[in-house]
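The values are calculated or read from the model by the stated rules, or taken from the named source; none is laboratory data. All values derive from a computational prediction rather than experimental measurement. Every residue, glycine as well, gets a Cβ built from its backbone with ideal geometry; the counts of neighbours run over all protein chains shown.
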Amino acid sequence: MARGVFVHRTDSIYDDSPAERYQFPRQYLSRVSACIGDWIVYYEPRKVPGTRGYFAVAKVANVIPDPTAKDMFLALIEPGTYLDFPNPVPFNGPDGLPERGVLNEHGKISGRAQSAVRPLSIEDFNRIIDRGLAEDPRFLPRFDDSSNPAAEEHLPPIPLEIERDRVANLGSRLVRDRLFRRRVVEAYDARCAVTGLRLINGGGRAEVEAAHIRPVESGGPDIVTNGLALSGTVHWMFDRGLIGLGDNLEILVSRQANDAESIRSLINRTGFLIPPQRQSDRPHPAFLAWHRENCFKQ
């Protein structure tokens, strides 16, 4: 097993879906196969406008021939392992180059940096994870245990000192929920996407919660396109199918709601979801369709 970097861009010609699969040509087969059973980091090239740099981590479950394209292969991502970084990591930012394996013997960036799939040392992996998952207390959830509202205030920081802890934390539900919340809240500028309200408490924390469109227990990934920033009441209604979303982001109110008019009074005046500014962060139609078919009460 080996760790690696997979280069991905939202306008890619390849049939990629980062939380599910990564399509690649035969020339990278041995490098990708070496990553089976291990973690990889996704990287968006510097030439992409508004690049996110290193933007996510995931675990490769298997590699298979692409049944739809000759001489192409698919790296299948282990369900539930994909995680967006709340802090996208630049290729070469203020803290220096995180992926030092691309340097040549003279300390200069080599041609390895142009490779779409490349090996990643444990040291470089740890450095990218440390920067990508560093926490900001403003975006911690307000509550961890509903029976003890103060519990969240005293949660210990995510331990990242030991290499094993880094990998263990990537699978921790508590850690993933905290990081997912931060990524979603930032994407929506701390604003409830349904009501339009942007409420911040005295400590600088946002009132909104991060809702999964397709829940984790139903196979939903921790990816921002499967998330919505919603106030507590709206989150409750969304999870219970009293509201839903059309593919055009129109906010739908269930005909089974016992007080539909009160629900409509909470919706912002446009009648449509207020989406993230970045197009690639907006809700994916596949997740919206799943919610309409499985949660929304028509």
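Return yes or no: is Gln23 outside any strand (DSSP E or B) and modelled with pLDDT of 95 or more? So Gln23 does not fit the description; no. Screening the stretch 194-236 for residues that are hydroxyl-bearing (Ser, Thr, Tyr) and not in a helix (DSSP H, G or I) and picking the one that is surrounded by the fewest Cβ atoms within 10 Å (Cβ to Cβ) gives Thr195. Selection within the stretch 247-269: residues that are in a loop (DSSP other than H, G, I, E, B) and among the basic types (Lys, Arg). The member of this set that is nearest to the chain's Cα centre (by Cα) is Arg269. Annotation note: of Ala187, Ala257, the sole residue that is among the small types (Gly, Ala, Ser), crowded, with 21+ Cβ neighbours inside 10 Å and outside the structural domain of Val57 (by TED's automatic domain parsing) is Ala187.
Residues checked against (1) in a strand (DSSP E or B); (2) within 19 Å of Arg112 (Cβ to Cβ):
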| residue | (1), (2) |
| --- | --- |
| Met1 | no, no |
| Ser12 | no, no |
| Ser30 | no, yes |
| Pro49 | no, no |
| Val57 | yes, no |
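Within the stretch 80-113, the residues that satisfy the criterion of being within 30 Å of Val216 (Cα to Cα) and assigned to a loop (DSSP other than H, G, I, E, B) are Gly80, Thr81, Tyr82, Pro90. Can you tell me which residue in the stretch 39-62 is farthest from the chain's Cα centre (by Cα), limited to those that are surrounded by fewer than 19 Cβ atoms within 10 Å (Cβ to Cβ) and modelled with pLDDT of 95 or more? Residue satisfying both the conditions and the ranking: Asn62. Taking the conditions (1) of a type outside the set (Lys, Arg); (2) under 30 Å from Phe55 (Cβ atoms); (3) in contact with a Cys (Cβ under 6 Å, 6 or more places away or on another chain) in turn, Gly241 satisfies each one other than (2).
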